[in-house]
Amino acid sequence: MGSFKVLGSRVPRTDAYDKVTGRALYTADLVLPGMIYGAFVRSPYAHARIKKIDVSEAMKVPGVVTIITQENLSRDYALVIEEEVHAAQQVRGLLAGEKVRYHGEKVALVGAETLEAAKEAAALVKVDYEPLPAVTDPREAVKEGAPLVWDDSQPVTAPDGSLLYNVVAEDHRSEGDVDQGFAESDLVYENEYYVHRVHQTYIEPQAAVAAVDERGRVTVWSSTQGHFVVRSNVARSLGIPLSRIRSIGMTVGGGFGAKFGGVVDLYAVLLALFTKRPAKIVYTREEDLLDARPAPGLYIRIKTGVKKDGTILARSAFALWNVGVGGGALWATGAFTRLYNIPHTKWDAYEIATNTPPMGAYRAPGYPQVLFAGETQLNQIAADLGMDPVELRRKNLKAEPGFFETLEKVVEKVGWFQREKGEWEGWGIALGHWRNASSPAGCIVSLDEDGTAKVYTGLMDLTGTETAVAEIVAETLQIPYEDVTIVRGDTDSAPFSPPSGGSTVTFSVGNAAWRAAQDLRQQMIQLAAGQLNALPDELVVADRKIAVKNDPERSLSFAEIAQTALRSPSGPLIGKGSFGGDPSDTNIFVQAVKVKVDPETGKTRLLRCVQALDVGRVINRTQCEGQAEGGALQSASWALMEEMQYDEQGRMINPNLADYRIPTAFDVPDMETILTEFPSRHGPYGAKGIGEPPITAALAAVASAIGDATGYWALEAPVTPERLALALATRQPVRAR
Amino acid sequence: MHSFDYRAPKDLEETLEEAAHWGEKGRLLAGGTDLILFMERGRLRPEVVIEVPRTEPFTTLEETNGMIRIGARVTMGQLEHSPLIREKLPVLSQAAGEVGSVQIRNLATIGGNIVTASPAGDTLPALLVLDAQLMLQKKGSLRTVPIDQFFLGPGQTVREPDEVLTEVRVPVKGDRFVTQFYKLAVRSYMDIAIVDVAIGVYTNGDGAVEDARIALGSVAPTPIRAREAEERLKGQVPTETLIDEVALLAQKASSPITDQRGSAEYRWLMVYRLTKRLLTNALLNSSASGHR
Ligand SMILES: Cc1cc2nc3c(=O)[nH]c(=O)nc-3n(C[C@H](O)[C@H](O)[C@H](O)COP(=O)(O)OP(=O)(O)OC[C@H]3O[C@@H](n4cnc5c(N)ncnc54)[C@H](O)[C@@H]3O)c2cc1C
C-alpha cells in the first residue's frame, strides 16, 4: 500500500471545535414553537397487575394537554424494536397494559405546556396496582415456582433433564464431541461465573423531539446511533408509511448500543400525533438507569478439558442470559471458543426473562460477559498447571493474521516474563476479539469549483467515523483532510447508511465513501485526459493536481478540473459509491493489567493498563487509541464497580450516578496502547472495525489480576471492595454477599 | 422543581431578619449542592430560599485566642487548601479534600455539610474528633452547641428553623494531638462514604494516651463518637492488643444498615479494621500521617 498522506495522522475530529465550544446541537437544545413536554408515569413496582388508572386529578393540573395510557392507544401501536446488531425483533406494548413487568416501566405519558406541569401531572396520575412477586436474577428465574414474567411461558428441558422456567429463547451449538474431548483430557475444570447487568452510562441521556405537519408528515429529531433505524421503528410501531417520516440524527453524547431507538422517539411522535404540536422528551439520569436498554447479565458455567501441557481439548458452556423483558443475547455465547484451536466445543444458551428492563446492545454485545468467564478460567487453569498464562495462550491460539503478533506486542511492552509485583499486587492478561459488522451503505462525493470535496453520508457519528470517512476520501483523492467537508444528512437527504453499531461504520460507510471517491477520481482523470491530450494511464493524481507523468508541466489543478466540468456537457462531477457488505475479519485485542489490592478493605487499584489492538489499518491514530483506551476502561470499570442493583422486591436501588458508579479520572492509570495493522481483506485501505474489541478483555484481565494478587478468583463481576474483602475474610471465592 | 421565592440578605443582621420572618417556610442556601438536589427531588419544598451572604462572620477563617473560627460559608476547597487549616487541623483539611470533586468542593460549604446532617457527611467525623462548637444565632439570641450534641438523626438536628449557623469554632489542641482520617468509598473521589473513620489521640511524654477521640460516619443514623472505645484507650500505653480491643469497642458502637453502598456486615468489619489501622498508624508507627 505504500505510504499515506492522510491515513495514520492525528487530524482533529470533524466535530471537535463544535463540541469544545459548546456549539454542537444536541436534541435537548431544540426548542420548537408551540412545543409541549412529555413526562412518564412509571411503575414503582417490579411486577404488578394494573387494576385501574385514574387520570382525572392529573388532567386538572394547569398546562396539561394530554395523558396517554395503553387503553387509549389503538392495538396497532406496538413497540417494535429491531436491533440490527442483534438481528433481533421484539414486540411489546408501547405502555404497560394489564401488568407492569419492571421497576420504572412506562405506564402513562403526559404532555403539557411545561416540563414542570408534565411532571406534576405525572405524579398525580393514580394507578391502582396489585403487587406481584418479582424475580431479577436469572438463576432464580429458571427455578420451578419462580414468578413468571410472561404469563404464557412454558418450561423447557435443559440438557441435564431439569426444567427451566422463564426461558424466552434458546440456542445449542456444538462441534466435535465434547464428551470424548473431556474423556481424553488429563484435567477437566468447571467453574460458574456471574455478571450483573450494567448500563452503558453514555453522558447524554435519551432524548427526542417530534413534530407532525399539516399533511401528517412526521419529523423526529433524536439522540440516536442510527436515524434510519429510528425511521423504520417509528414506521412499524406506529403504522406510518416510511416515506412520511423524516428522521434527523442530532449530535450524540454517546450510545454504546442503547440508542437504536424505541426508548423515547416513539413517544415523542405519539405525543405529536395526539396533540398536533411539537413534543419533546428528555430523560433524566434516573429514568435512563431505570428504563433504557442496559446490557444483559449472564450466569455461565464453563467446562474446559486440558492436557497436562496446557493443550485445550474441549470446552463447553451452559449460559443463562438475563435479558429482562427483552431479548437478543444468545448469539454472543460462542465467543469463548473463537480464538483457540479447540477440537471439541459445545454450548447451550438460554435467554431468561426477569423483572428488569429490556436488554439492549452494549459495545461488543455479550462478549465482555462471556470472555470474563472464558478468559478468567484459562488464567485459573494456567495457575493450577503452574504454567504462565501467556504460554497457555501461545499453545492454543489460532494462527490467524495478527493474533500472535498482537499478543507478543503486549508481552514485550509489559516485559511480561520479567514482570514484577509487590505485596498484594497482581497481573492479569486476557484476549478479546470482534469481527466487525458489514452493512449496506451508500455515499456521494462531489467536487466543488475550488477543488475541494463534499461528502454526503447518512452515518451517525459517535466515535469519529465522520473523520475517518473524510480521511478515506482525502487519501483517495490525494487532497488534504481540510479540503473535505462532510455533509451529515438525515433520512430525507442522505443515502442509506447503517446505524453506528457493531464497529460497522468505518468498514461499511468507509467502503462506500472509498468507492464514491474512486468513482469521482476516475471521472476527473477522464476529463483531465481529454484536456491534457494524454491517456488516463499517463496521468498521476497528487497534491490537488492531475499531471502527465513524464511531463509535469502539463497539469490541471482540481479547481480547474471542477470548473471545466461545469462548462462541459458532462456537468458537475459527482462520484457515487454503494457497498453491499463484503466479509470482514476478526481482530484481536490483548489486555494486560496490573492491580494492587488493599486486603483489608478489598479496594483494588489499577496500576497499569496495557492494551494492543489490531486495527487493520490506522486511519486516525488518536481515534484508534481513544477507542482502545475507552473500551479498556469501560471493561475495567465493569470489573470493579458497575452493577445495576435490585432489592428483594425487584426495585432498582441505585438509579443515579452517585450509586451506579463509573470511574473518574482519579481511578485510571496512564493507558498504554499499541496498535497493530493486519489489513482486513475488504476494509477500506485494510481497516477493521475497532469500536467493539477494546471492551472485550479488561473485565477478565482485571478479575484475573485480582486472582493473581490474592489467590482468590472472582466468580462474580463486579469485584467490589465489599465482595473482595468478604471473600478474603471468609476464604471463599469472590461471590455475592 | 417547584417555584419558590429567593432572598439575598446583605449581611448577618438581614439574614437573621429573613430567617425569623419566614421560619419553617424558609430555607438557607449556601453552596446549594445539597439543597438544590433535595428540592429537585421534592424532599424539601421551601417557599423561600434565603442565600447566606458572603460576608463576615460567614466567610471568616482565622485563629484567635487558641480558637479557629470557620465561617459557615467557608467552602470545602478553602478548608482543603488553607495553610491555617492544613497546619492546625489537618484532619479537617483531609476530610474536606475528599468531599465530591473539585467543582463540588468549590461550592460546598462546611455549614451545609453540618446542617444537612447526613450520616455520611465527610467533615462531620473530623469535626467530632476536634470538639467543634457550632454557633447558632437567631434574632436576639445566640447559642453554642457542641457538635456531638447537634445531630438527632439522618437530616435531623437540634437547630430550630429560624436559627442560622454562623460559624464553627475549633479549639487548637497543639502538636501532641495526632489525628487520622479514612474515607472508605469505591471511587477515589466523587463518592459517598461507605464508612468514615476519624481518630484523634494525645499522648504524653511516657507514651501513654491522655485523651482520645474516635468518630465514625455512615455506620449509624448520625455521625457518632465511639465513647467506650475512647475510654478504653485513656491512660494506657498503646499495644497491638489494646488497639485491637479498642477497635472492637468502636465496632460495638456502630449500628450499620445494609443499603446500596454496602452491607451491614461489610461496614461492621470495616469499622473494626479501619479504626485499628488508624490507631496503629497514629500510636505505633512513628511516621504518623494521614493517608488513604
Ligand atoms: C455531586 C455531589 C457529590 C457530593 N459528594 C459529597 C461527599 O463526598 N461528601 C459529603 O460529605 N458530601 C457530599 N455531597 C453533599 C454536599 O456537597 C455537602 O453536604 C455540602 O457540604 C453541602 O454544602 P452546601 O453549601 O452546598 O449546602 P446547601 O445545599 O446550600 O445547604 C445544605 C443544607 O444546609 C442548610 N444550610 C446551609 N447553610 C446554612 C446556614 N449557614 N445555617 C443554617 N442552615 C444552613 C440549607 O438550608 C440546607 O438544608 C455531594 C453533593 C453532590 C451534589
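Just so you know, all these numbers are worked out from the coordinates, no wet-lab data involved. What you are looking at is a predicted structure, and each value in this text was computed from that prediction instead of being measured. Note: ideal-geometry Cβ built from the backbone for every residue, glycine included; neighbour counts use all protein chains shown.
Going through segment A:184-286, which GluC sites (Glu not before Pro) have at most 11 other Cβ atoms within 10 Å and a DSSP loop state?
Those satisfying the criteria are A:214.
Expressed in nm to one decimal, what extension gain is obtained for the pair residue A:113 and residue A:387 from 0.36 nm per residue of sequence separation less their Cα-Cα distance?
Roughly 91.9 nm would be gained on extension.
Using every Cα-Cα pair within the protein assembly as shown, state what percent have a distance larger than 44 Å.
43 percent
Based on the inverse mean of 1/r over its pairs of different Cα atoms, what is the Kirkwood hydrodynamic radius of segment B:177-283, in Å?
13.7 Å
Pick from B:92, B:37, B:184: which residue has the top mean-square fluctuation in a GNM of chain B where Cα pairs under 10 Å get a spring?
So, out of B:92, B:37, B:184, the one fluctuating most is B:37.
Build a GNM of chain B with springs between Cα atoms under 10 Å: which of B:118, B:254, B:101 gets the top mean-square fluctuation?
B:101
Go ahead and run the numbers for FRET between residue A:52 and residue B:264, Cβ-Cβ distance against an R0 of 60 Å, rounding to 0.05.
0.95
Expressed in nm to one decimal, what extension gain is obtained for the pair residue A:668 and residue A:183 from 0.36 nm per residue of sequence separation less their Cα-Cα distance?
170.2 nm
222 nm [θ] for chain A, helices only, -39500 (n - 2.57) per DSSP H run of 4+, per residue, to 500?
Calculated at 222 nm, the ellipticity per residue is -8000 deg cm²/dmol.
By the scheme Lys and Arg +1, Asp and Glu -1, what is the net charge of all other residues having a beta-carbon under 14 Å from that of residue A:132?
Result for the neighbourhood of residue A:132: -1.
Distance in nm between label sites at residue B:21 and residue A:301, each 7 Å beyond Cα in the beta-carbon direction?
A separation of 7.2 nm, rounded to one decimal place.
Once you list every other residue whose beta carbon is under 15 Å from the beta carbon of residue A:548, what net charge do they have if Lys and Arg are +1 and Asp and Glu are -1?
-3
Taking a temperature of 4 °C and a viscosity of 1.567 mPa s, what whole-number D in µm²/s does Stokes-Einstein yield for segment A:438-579 with Rh from Kirkwood over alpha carbon pairs?
For the chosen part, D equals 85 µm²/s.
GluC sites (Glu not before Pro), restricted to segment A:613-674: which are DSSP loop and have at most 14 other Cβ atoms within 10 Å?
A:648
How far apart, in nanometres, would the label points at residue A:398 and residue A:9 be if each is projected 7 angstrom from Cα along the Cα-to-Cβ direction?
If labels sit at residue A:398 and residue A:9, their model points lie 3.7 nm apart.
Filter the trypsin sites (Lys or Arg not before Pro) in segment B:39-120 to those in DSSP coil with at most 16 other Cβ atoms within 10 Å of their Cβ, and list the result.
Sites meeting the loop and neighbour criteria: B:41, B:43, B:54.
Please report how far the C-alpha centroid of segment A:431-461 lies from that of segment A:533-564, rounded to the nearest whole angstrom.
Their Cα centres are 26 Å away from one another.
Between residue A:647 and residue A:417, what length comes free when the chain is fully extended (0.36 nm per residue of separation minus the Cα-Cα distance, one decimal in nm)?
78.3 nm
Can you list the residues, at least 5 places off or on another chain, whose amide H is less than 5 Å from the amide H of residue A:674, using H built in the peptide plane?
A:611, A:612, A:613
With everything on Cα atoms, drop me the angle between helix B:264-279 and the longest principal axis of chain B, reported from 0 to 90° to the nearest 10.
70 degrees
For residue B:45 and residue B:84, FRET efficiency with R0 = 41 Å and r from the beta-carbon atoms, rounded to 0.05?
0.60
Would you calculate the separation in nanometres between label points at residue A:522 and residue A:172, each defined as 7 Å from the Cα along the Cα-to-beta-carbon direction?
Each label point lies 7 Å from its Cα, and together they span 5.1 nm.
Amide H of residue A:169 versus every other amide H placed in the peptide plane: which residues, excluding those fewer than 5 positions away on the same chain, fall under 5 Å?
Distant-sequence amide H within range of residue A:169: A:351.
Quick one: dipole size for chain A, taken about the Cα centre, charges +1 on Lys/Arg Cβ and -1 on Asp/Glu Cβ, in debye to the nearest 20.
The calculation lands at about 700 debye.
What's the average, rounded to a whole number, of partner chain beta-carbon atoms within 10 Å of each residue's beta-carbon in B:255-261?
4
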